[in-house]
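The values are calculated or read from the model by the stated rules, or taken from the named source; none is laboratory data. Just so we're clear, the structure is a prediction, and the values are computed from it rather than from any experiment. Counting neighbours? That spans all protein chains shown, and the Cβs are built from the backbone with ideal geometry, glycine included.
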Amino acid sequence: MKHVLIIGISGAIGRAMADHIGVRHPDCLIVGASRQKPDDYPDHWQHQRFDLEDEASLEKLAKSLNAEFDLIFVATGFLHNNTIKPEKSLRDLSFDHMQHVFALNVIGPSLCIKHLSPLMNTSTKSVFALLSARVGSISDNRLGGWYSYRASKAALNMMIKSAAIEINRRFKSKIIAGLHPGTVDSDLSKPFQGGVPQGQLFTAQHSAKNLLNVIENLASDQSGKCFDWQGKEIVP
């Protein structure tokens, strides 16, 4: 890899992915984007500010970048905050809460594909990878609940599939894929770690290393699909 763009580099997985790429590909130019530049950001990485909920800032970001990227990694995602929790029942559904979850988990990432996929390298294999989740699988849903999060990830997977079909009509070397990182020890998962089986709670570094392996082994006929951290396809 020569040029990599990481959207959401201030998050645990985004930063860990950049760290691993920097070690595995020391000559790679890493460009990170987030609302705020992290305090411990390395001087040899580039940084761009953007707002996932503001399409104009995404368009501005795309216009400011003058490289062809071998990897664009969207490491954003939203599950909860101080006022929004995953819904356990239909009684918990709220228009405002659902709108916020979909804005961050579907609309923002989809607009990233719109504005940033034209920056993918066309002379060799390039990957546009987005963090998804196994709970976005409709056929794998046996527990219910977590309505907005499940639905938003299912919608994201459909956007990935549709975008891959359109883009691959012209560019067979461009791969669009969703990635499930497993349960990562981060602020996103912290309130829900009690039920995680032993050995299945990963550090961000461990998850990012596995996801990078998956990314580097993706083939063109896998575009539009979603894979877990082991490289196993997640059924829709």
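Yes or no: residue 178 surrounded by 13 or more Cβ atoms within 10 Å (Cβ to Cβ), over 18 Å from residue 21 (Cβ atoms), touching an Asp or Glu at 6+ places or on another chain (Cβ under 9 Å) and touching a residue at least 24 places away in the same chain (Cβ under 8 Å)? For residue 178, the condition - surrounded by 13 or more Cβ atoms within 10 Å (Cβ to Cβ), over 18 Å from residue 21 (Cβ atoms), touching an Asp or Glu at 6+ places or on another chain (Cβ under 9 Å) and touching a residue at least 24 places away in the same chain (Cβ under 8 Å) - is not met. Is it the case that residue 138 is more than 25 Å from residue 54 (Cβ to Cβ), over 13 Å from the mean Cα position of the chain (by Cα) and not in a helix (DSSP H, G or I)? It is true that residue 138 is more than 25 Å from residue 54 (Cβ to Cβ), over 13 Å from the mean Cα position of the chain (by Cα) and not in a helix (DSSP H, G or I). In this entry, residue 207 is excluded by the filter for residues that are hydroxyl-bearing (Ser, Thr, Tyr) and modelled with pLDDT under 95.
Taking residues in region 93-107 that are within 15 Å of residue 132 (Cβ to Cβ), and partners anywhere that are of a type in the set (Lys, Arg) and surrounded by 14 or more Cβ atoms within 10 Å (Cβ to Cβ), the pairs with Cβ atoms closer than 8 Å and at least 6 places apart or on different chains are 105/153.
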